[in-house]
Amino acid sequence: MSGDSDRPRIAIVGAGPAGTRAAEVLVAAGLRPVVIDEAAANGGRIYQRQPPGFSRSPEMLYGFEAKKARAVHGAFDRLAGAIDYRPGTLVWNIGQSGLDLMRDGDHDRLAYDRLILATGAMDRVIPLPGWTLPGVTTLGGAQVALKAQGVGIGQRVAFVGTGPLLFLVAYQYAKAGATVALVLDTATFADKAVATLGLMNAPKTFAKGIYYYGWLKSHGVRLVEGALPRAISGEGGVAALAWRDAQGLEHEIACDAVALGWGLKPETQLADLAGVPFVYSERQRGWLPEVDAAGRTPLGTVYMAGDGVRIGGADVAELAGARAAWSLIADIGIAVDEAEIARIDRALAREDRFRRAVERAGPFPVALAAGIADETVLCRCERITAGELRAAAREEVRLAAPEVNRAKAFTRVGMGRCQGRVCGPAGAEILAAALGSPLPEVGRLRGQAPVKPIPIRADAALVPEAKAS
């Protein structure tokens, strides 16, 4: 290619591990991508940089992952001047004319020829009685507070859920000086035992998980497995967590904060708006973008990588980001490094075997989600209860419309600020159980623009005559 005018316009959404490595590969090939990120600095959630004025060491912030965090930050810093970096910028819509952006309240539109979506993931939660009390967060939210603001969500914190993040965040809080009142894992010891062989596909990662568990236990933290949370109680804030153990005995423990999380779910709204098809994954119990192992979607001009496709963690995100960039480079006719691509493909296959084992070790508790009590607030944006959704399911049977978007129209579940990101997974389980249908048959909530709240004047920019006036 002879000059900038001959180069395709490439946009990368997300500057976490996947977006960073994708940009790195593209720049090495002589391309200049636009890198857009909602955060003020790169790193994603896992390697989120601390804000100006904070001077904690990477070891204090990232623990065992300090070396990896330094590597990702360093790689991105070396791209300065070679990319068009736009931090603090929200991509709130993808239309035929490009990306609609919002920064500091101002709207912009960016046309592209090729797009890499590296949008990351968010916590998957199950609503409980009392989960709307001040002091209740997700596991990821608790971790972000610690990393980005240098504060905890409480002094005496209970951690509830399953998966690697559960023990990691509890360990980080204990190391930071908080009292960990309880770590409640809904997975059983048997779940973990049957997954052990697969977990050995990533021995270093497996060893770190064992270390976190052992450290918490050796420091007197109460760890329970195969238990179910019942309710969070308090007046104006968290005071206690009630739970039931594997033997069916009821317990209650005092705490002033609770962090909840049952693994992660991909952020897929932008992929939906771009027109990427979706496929149901029983493995991750949800609908995922249709993306091949090389990061290509059926659209041809849109590529995806990282946890926004399938949950794999930071190491997988780095590999997948680079792999998607190599696919893009090949597709526009630039020579690629076949040996490097083969190395990435082998590493991704190995990591996939590990992630399958992780999901077996910490399965999503379907019965807990499907059995949420009628009076429990399911959709906190619209204050809709689980019982109201079940009532809509009964109405749907009469109207022969057993599908989540129809239930949304009846009840407003998923119409709020989060557009079903929080309540969607549990709501789908409730609806499927109420209808007696397999989960895939109730469908998925469709993405809508704007994907996050924006000023009305920015939305008006979508209408040319409104913009002209």
TODO: Assuming a ≥ b ≥ c are the square roots of the Cα gyration tensor eigenvalues, decide whether region 148-232 counts as rounded (a/c under 1.5), prolate (otherwise, with a/b larger than b/c) or oblate.
DONE: oblate
Task: Added length on full extension, which subtracts the Cα-Cα distance from 0.36 nm per residue, residue 330 to residue 409 - done: 24.1 nm
- [ ] In whole Hz, with x marking every Gly and Pro, tabulate ³J(HN,Hα) for region 316-329 from phi via Karplus 6.51 cos²θ - 1.76 cosθ + 1.60, θ = phi - 60°.
- [x] 5, 4, 4, 5, 5, x, 5, 5, 5, 5, 4, 4, 4, 4
- [ ] With a Förster radius of 25 Å, plug the Cβ-Cβ distance of residue 176 and residue 67 into 1/(1 + (r/R0)^6) and report the FRET value to the nearest 0.05.
- [x] 0.80
TODO: Please list, in chain and number order, the residues 5+ apart from residue 234 or on another chain whose amide H is under 5 Å from its amide H, with Hs placed from the backbone.
DONE: 239
Open item on the list: Which residue, 288, 327, 209, has the largest displacement toward the positive end of the dipole of the chain when charges sit on each Cβ (Lys, Arg +1; Asp, Glu -1)?
Closed with: 209
Open item on the list: Please compute the contact order of the chain in relative form: average sequence separation of alpha-carbon pairs under 8 Å and at least six residues apart, divided by the residue count, as a percent.
Closed with: 17
TODO: Give, rounded to the nearest 20 debye, the magnitude of the charge dipole that region 28-71 has about its Cα centre when Lys and Arg contribute +1 at Cβ and Asp and Glu contribute -1 at Cβ.
DONE: 120
TODO: Show 378, 110 ordered by accessible area, largest first, where the area counts protein heavy atoms only and the probe is 1.4 Å.
DONE: 110, 378
Open item on the list: Rolling a 1.4 angstrom probe over the protein chains, ignoring ligands and nucleic acids, what is the accessible area of residue 219 in square angstrom, nearest 10?
Closed with: 110
Open item on the list: Shape verdict for region 270-343, please, from the Cα gyration tensor: rounded (a/c under 1.5), prolate (a/b greater than b/c) or oblate.
Closed with: oblate
- [ ] Assuming a ≥ b ≥ c are the square roots of the Cα gyration tensor eigenvalues, decide whether region 360-451 counts as rounded (a/c under 1.5), prolate (otherwise, with a/b larger than b/c) or oblate.
- [x] rounded
TODO: Set the Förster radius R0 to 45 Å, insert the Cβ-Cβ distance between residue 441 and residue 231 as r into 1/(1 + (r/R0)^6), and round the FRET efficiency to 0.05.
DONE: 0.90
Task: For region 223-327, with +1 on Lys and Arg beta carbons and -1 on Asp and Glu, the positive-most of 297, 227, 270 along the dipole - done: 297
Open item on the list: Positive end of the dipole of region 25-136, charges at C-beta (+1 Lys, Arg; -1 Asp, Glu), about the Cα centre: which of 120, 75, 107 has its Cα farthest in that direction?
Closed with: 75
Open item on the list: Can you give me the angle between helix 424-435 and the longest principal axis of the chain, using Cα atoms only, in degrees from 0 to 90, rounded to the nearest 10?
Closed with: 60
Open item on the list: Rg and Dmax in Å for region 1-103, alpha carbons only: what are they?
Closed with: 14.9, 47
Open item on the list: Just to verify a number: what accessible area does residue 196 come out at with the full protein assembly present, 1.4 Å probe, Å² rounded to tens?
Closed with: 60
TODO: Can you figure out the FRET efficiency of residue 196 with residue 113, using R₀ = 56 Å and their beta-carbon distance, to the nearest 0.05?
DONE: 0.75
Open item on the list: Give me the dipole magnitude in Debye, nearest 20, for region 251-383 about the Cα centre, with unit charges on the beta carbon: positive for Lys and Arg, negative for Asp and Glu.
Closed with: 300
Task: Rounded accessible area of residue 404 (nearest 10 Å², 1.4 Å probe) - done: 20
Task: Charge dipole magnitude, Cβ of K and R +1, D and E -1 - the chain, Cα centre, debye nearest 20 - done: 620
Open item on the list: Please list 3J(HN,Hα) in residue order for region 163-175, calculated via the Karplus relation 6.51 cos²θ - 1.76 cosθ + 1.60 where θ = phi - 60°; whole Hz, with x for glycine and proline.
Closed with: x, x, 5, 4, 6, 5, 5, 4, 4, 5, 5, 4, 5
TODO: Determine the gain in length on full extension of the stretch residue 346-residue 144; use 0.36 nm per residue of separation and subtract their C-alpha separation, reporting nm with one decimal.
DONE: 69.5 nm
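So what's the chain giving for Rg/Rh, alpha carbon basis, Kirkwood Rh from the mean inverse pair distance?
Taking Rg over the Kirkwood Rh, I get 0.96.
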Task: Exposure ranking of 100, 337, 84 by accessible area [1.4 Å probe, largest first] - done: 337, 84, 100
Open item on the list: Compute the angle between helix 338-361 and the longest alpha-carbon principal axis of the chain, please, reported from 0 to 90 degrees and rounded to the nearest 10.
Closed with: 10
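The values are calculated or read from the model by the stated rules, or taken from the named source; none is laboratory data. Model, not experiment: these values are computed from the prediction. Reconstructed Cβ throughout: ideal geometry from the backbone, glycine too, with neighbour counts over all protein chains shown. What goes into the accessible areas is simple: the full protein's heavy atoms, side chains included, and nothing from ligands, DNA or RNA. Shrake-Rupley method; radii C 1.70, N 1.55, O 1.52, S 1.80 Å.
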